[in-house]
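**Student:** Below you will find the structure I want to go over with you.
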Amino acid sequence: MAHVLVIDDQSHICTIIEHFLTAEGHTADLAENGRVGMQLAGLNAYDLVITDIVMPEHDGLEVIMGFKQLYPLVRIIAMTGGTARLNVGSLLTTAQFMGVDRVLAKPLDFIKLLTAVNEVLEIRA
Ligand SMILES: [Mg+2]
C-alpha cells in the first residue's frame, strides 16, 4: 500500500481523494498548497503525489519541478480545471512535458483517478 501526498487548495477535493485512497488501503497526507506540500515532502517519504496545478503559494508546476529535482522517483499525478486565462489542455500538456506520470482534468472522475493511481503504483512496483 502506498503513502500518498495530496495537494489541492480546495480542501473538499483533498478530503474526497483521501476518502478514495484510504478505502483502497493507502495512507494520505493532505496539503492546501504547494508550499505546505513541499514541507511535508521534506518530512515524509511518499510513493505518489497527486497535485492540483492552480494554487496560491507555490502552484502545481512548482511542485512538479521540486519533486523532479529533489525526489525524482516519486510518481506524480497532476490535475486541473484550468483558469479563465489558462485552459485545461495547456496546463496538463505543460505538466506532461515536465514528466508527470498521469494528468487528469477537473471536475475529477474518481474512477479515472483510482485507475491512474493503480497504474502508476504498478509501474513503480
Ligand atoms: Mg486549485
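**Student:** For the stretch 9-61, give me the residue count where each residue is within 13 Å of the ligand (Cβ to nearest atom), free of Cβ contacts under 8 Å to residues at least 40 places away in the same chain and of a type in the set (D, E, K, R).
**Tutor:** Number of matching residues: 3.
**Student:** Testing Phe67 on (1) in a loop (DSSP other than H, G, I, E, B); (2) open to solvent by less than 50 Å² (accessible area, probe 1.4 Å); (3) more than 23 Å from Phe20 (Cα to Cα), one condition comes back false. Which one is that?
**Tutor:** For Phe67, the failing item is (1).
**Student:** Name the single residue that is surrounded by the fewest Cβ atoms within 10 Å (Cβ to Cβ) among those in the stretch 95-112 being touching a residue at least 40 places away in the same chain (Cβ under 8 Å) and part of a helix (DSSP H, G or I).
**Tutor:** Going through the qualifying residues, I end up with Phe110.
**Student:** Any idea which residue in the stretch 70-94 is farthest from Val4 (Cα to Cα), counting only those that are touching a Lys or Arg at 6+ places or on another chain (Cβ under 9 Å), outside any strand (DSSP E or B) and small (Gly, Ala, Ser)?
**Tutor:** Among them, the one singled out is Gly82.
The values are calculated or read from the model by the stated rules, or taken from the named source; none is laboratory data. Keep in mind that what you see is a predicted model, and the values were worked out from it rather than measured. Here the Cβ is made from the backbone with ideal geometry for all residues, glycine too, and neighbour counts use every protein chain on show. Protein only, heavy atoms only, side chains kept; ligands, DNA and RNA dropped before computing areas. Shrake-Rupley method; radii C 1.70, N 1.55, O 1.52, S 1.80 Å.
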